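Asks: Shown below is the structure under consideration.
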Amino acid sequence: MKQQLDSAGIANQNAAFCQVSGEAFFNSSPFTLKDLKNRVNFQQLKADSEAYLIPLDVVNLMADLIFLPIAGQIESETYLLYDAACGTGGMLTVAEERLQKLAEDSGKEVSIHLYGQEMQPAT
């Protein structure tokens, strides 16, 4: 029916579709509500992740500021690293790598456990 209305040059087809379907509204879009919802969710997830993305150079600097001043105090033991706003965990993994490297450079053997929480379920 849509093709017939298109070929007839009828621009406002909503009334015809509503009458034929017996409904108050009619969706002539090829997309379903689920498609549109998924697209909105994806766009929101992308926007959220971009809004809180910290550049890697900044993350590396932060790890250096935390660990370099205490590099000489690193002992062979277990370390727990916690990030209360971990997002995707990028800072935690960089911190783990930095601590591991400093320990190895000092001839120490460390065990590192990462803990993080995030209030945004999307990240």
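Asks: Scan the stretch 75-104 for residues that are out of contact with any strand residue (DSSP E or B) (no Cβ under 9 Å at 6 or more places or on another chain), part of a loop (DSSP other than H, G, I, E, B) and modelled with pLDDT under 95 and jot them down.
Replies: THR88 - this is the single residue of the stretch 75-104 that is out of contact with any strand residue (DSSP E or B) (no Cβ under 9 Å at 6 or more places or on another chain), part of a loop (DSSP other than H, G, I, E, B) and modelled with pLDDT under 95.
Asks: Considering only residues that are among the charged types (D, E, K, R), assigned to a loop (DSSP other than H, G, I, E, B) and over 30 Å from the mean Cα position of the chain (by Cα), look in the stretch 105-119 and name the one that is farthest from ALA71 (Cα to Cα).
Replies: GLU109
Asks: Now for a different question. Please work out which one of (1) modelled with pLDDT of 75 or more; (2) of a type outside the set (A, V, I, L, M); (3) within 30 Å of the chain's Cα centre (by Cα); (4) surrounded by 11 or more Cβ atoms within 10 Å (Cβ to Cβ) is the condition SER49 fails and give its number.
Replies: If we test SER49 against (1) modelled with pLDDT of 75 or more; (2) of a type outside the set (A, V, I, L, M); (3) within 30 Å of the chain's Cα centre (by Cα); (4) surrounded by 11 or more Cβ atoms within 10 Å (Cβ to Cβ), just (1) comes out false.
Asks: Looking only at the stretch 84-104, how many residues end up being among the β-branched types (Val, Ile, Thr) and either more than 15 Å from the chain's Cα centre (by Cα) or surrounded by fewer than 11 Cβ atoms within 10 Å (Cβ to Cβ) (or both)?
Replies: Number satisfying all stated conditions: 2.
The values are calculated or read from the model by the stated rules, or taken from the named source; none is laboratory data. All of these numbers come straight from a predicted model, not from anything done at the bench. Cβ: placed from backbone, ideal geometry, glycine included. Neighbour counts: every protein chain shown.
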